[in-house]
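Chemist: For reference, the structure I am asking about is given below.
Bear in mind that the values in this text are calculations on the coordinates, not laboratory data. From a predicted model like this one, the values you see are computed outputs, not experimental measurements. Here the Cβ is made from the backbone with ideal geometry for all residues, glycine too, and neighbour counts use every protein chain on show.
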Amino acid sequence: MTARRPALLAAALAALALPALAPAPALAAPGWTAAPAAGRPYAYLEGPAGSVLEDALSVTNPGPGPLTVTLTATGPAAVSFAARTVTVPARTRADVPFAVTVAADTPPGEHRGTVRAAAGGRRTEVALRLKVSGARLAALAVEDARVDRATGTLRYTLVNRGSTVLEAPRLAVRADGLLGTLLDRPARTLPLTLRPGERADRTESWPDPPALDSVTVRLTATVPGAAPATAATGAVFASAPALAGGGALLLAAAAAGVRAARRRDPGRRRARIRVRTKGAPA
């Protein structure tokens, strides 16, 4: 019994050492790479809005074991891969096709994004450059202008009617009543970016609207490269205190006077005076 103890002890030590002697699984080499299949330093695609453009990403695995790569993308267009997760065998290069769907409202010009490959705790980014062909047209419109008579708030909508992105438009506001200008606000920059076809509902405050008047409000929006856009709307202000004080009669009289002055033709009147003067005795 005592003689067998050294043999049992040696067998136990050998059994404990077996896992350490077993070969470790091959790990993916840290030197794997991802690059555009065309050999450029970045992926380059060109086409019109509404098209689907295709390219491929080359993933090279120089290591002794397989490499599992996860692919993602960011940018102005939707990117879809043939497979989001790809396993590349050892010492192999795999070309993974991907497609870029250019939306129909994408403005012409150059757009940039990124294609990413991640594996083994490391991530590689590949620049994606997209050139959308087509004419660049800047066009801005002011629509749905209206006045909230209770507060004087001016409401309107800015619309990008062109094919290019509009940034930082400027807006000027003018309000004219029967007896003169009530509001003349110079153009100021709006913190706004509008993509083609995009709409933005906006408001302009008017802290002291008139209590009794008929007003025409004009909103004028400008942006570099586009013609000025103007919208006009009218509103009648008639508060209860102003009406009780007889202001309605004054307003009606002023309105009648303005209409009469606009209908009068000063040129014809002067002509009649000259005819009479010429026929009168010296």
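Chemist: Any idea what the relative contact order of the stretch 86-131 is, in percent, if you count C-alpha pairs under 8 Å spaced at least 6 apart?
Modeler: Result for the stretch 86-131 is 30 percent.
Chemist: Further question on the same structure: Along Cα→Cβ, 7 Å out, is where each label goes; now give me the distance between the ones at Ala187 and Ala172 in nm to one decimal.
Modeler: 0.7
Chemist: Restricting things to Cα coordinates, could you compute the convex hull volume per residue of the stretch 30-69 in Å³?
Modeler: In the stretch 30-69, the Cα convex hull volume per residue is 88 Å³.
Chemist: Let me ask something additional. 7 Å from Cα along Cα→Cβ at both Tyr42 and Arg136: what's the point-to-point distance in nm?
Modeler: For Tyr42 paired with Arg136, the spin-label model returns 1.6 nm.
Chemist: So how many Å³ per residue does the convex hull of the Cα atoms of the stretch 32-111 work out to?
Modeler: Once divided by residue count, the hull of the stretch 32-111 is 81 Å³.
Chemist: With θ set to phi - 60°, apply the Karplus curve 6.51 cos²θ - 1.76 cosθ + 1.60 along the stretch 114-124 and write out the HN-Hα couplings as whole Hz, x wherever there is a Gly or Pro.
Modeler: The phi angles translate into 9, 10, 10, 10, 10, 6, x, x, 10, 10, 10 Hz.
Chemist: Pull up all non-local amide H partners of Ala145: gap of 5 or more, or a different chain, and H-to-H distance under 5 Å with H placed in the peptide plane.
Modeler: HN-HN under 5 Å from Ala145: Thr157.
Chemist: Can you list the residues, at least 5 places off or on another chain, whose amide H is less than 5 Å from the amide H of Ala139, using H built in the peptide plane?
Modeler: Those qualifying (amide H under 5 Å, at least 5 residues apart or on another chain) are Arg161, Gly162, Ser163, Thr164.
Chemist: So what J values fall out for the stretch 54-66 if you push phi through Karplus, 6.51 cos²θ - 1.76 cosθ + 1.60 with θ = phi - 60°, rounded to Hz, Gly and Pro as x?
Modeler: Once rounded to whole Hz, the list reads 10, 7, 9, 10, 9, 10, 10, 10, x, x, x, x, x.
Chemist: Using the eigenvalues of the Cα gyration tensor, what equivalent ellipsoid semi-axes result for the stretch 101-226 when each is taken as the square root of five times the eigenvalue, whole Å, largest first?
Modeler: In descending order, the three semi-axes are 43, 16, 11 Å.
Chemist: Report the calculated FRET efficiency for Ser205 and Arg161 (r = Cβ-Cβ distance, R0 = 22 Å), to the nearest 0.05.
Modeler: Rounded to the nearest 0.05, the efficiency is 0.25.
Chemist: Can I ask one more? Based on the alpha-carbon gyration tensor of the stretch 71-152, what equivalent-ellipsoid semi-axes (square roots of 5 times the eigenvalues) come out, in whole Å, largest first?
Modeler: Gyration-tensor ellipsoid for the stretch 71-152: 43, 17, 10 Å.
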